[in-house]
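Each reported figure results from applying straightforward, stated rules to the coordinates on display, with no laboratory input. This structure is a prediction, so every number in the text was calculated from the model and none was measured. Heads up, the Cβs are rebuilt from the backbone with ideal geometry, glycines too, and the neighbour counts pull from every protein chain shown.
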């Protein structure tokens, strides 16, 4: 009698993410962009005001990493938008 219960609780895995971005997903993405932008700005500010060259280099490296992450997130969004636009154009009837 426990077997059906166990089967109901098993989660199915997705091979690909869904082709939509939910409101909650968009909120997470917005937070990730904001966090990376703020971290990039703080690292840049710290590097500008640092006297020790090693620490300055580490701050610059940190800022570059956050800038790279910011750009990657934007790249993923742009790719998703391009796919969505192509899908919409393919599904529109010709006039």
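Among the residues of segment 10-58, which ones are in a loop (DSSP other than H, G, I, E, B), more than 25 Å from the chain's Cα centre (by Cα) and surrounded by 10 or more Cβ atoms within 10 Å (Cβ to Cβ)? Give the steps one after another, and end with the answer.
Within segment 10-58, the subset in a loop (DSSP other than H, G, I, E, B) is 10-22, 49-52.
With more than 25 Å from the chain's Cα centre (by Cα) added as a condition, the list becomes 10, 49-52.
Within segment 10-58, just 50 meets the criteria.
So in segment 54-95, with the set limited to residues that are in contact (Cβ under 8 Å) with a residue 40 or more places away in the chain and out of contact with any helix residue (DSSP H, G or I) (no Cβ under 9 Å at 6 or more places or on another chain), which one is nearest to residue 39 (Cα to Cα)? If you could, list the steps in order and put the result at the bottom.
First pass over segment 54-95, keeping only residues in contact (Cβ under 8 Å) with a residue 40 or more places away in the chain: 73-74, 77, 80, 83-84, 87.
Still in the list and also out of contact with any helix residue (DSSP H, G or I) (no Cβ under 9 Å at 6 or more places or on another chain): 80, 83-84, 87.
Details: 80: 25, 83: 30, 84: 30, 87: 35 Å.
Only one residue tops the list, namely 80.
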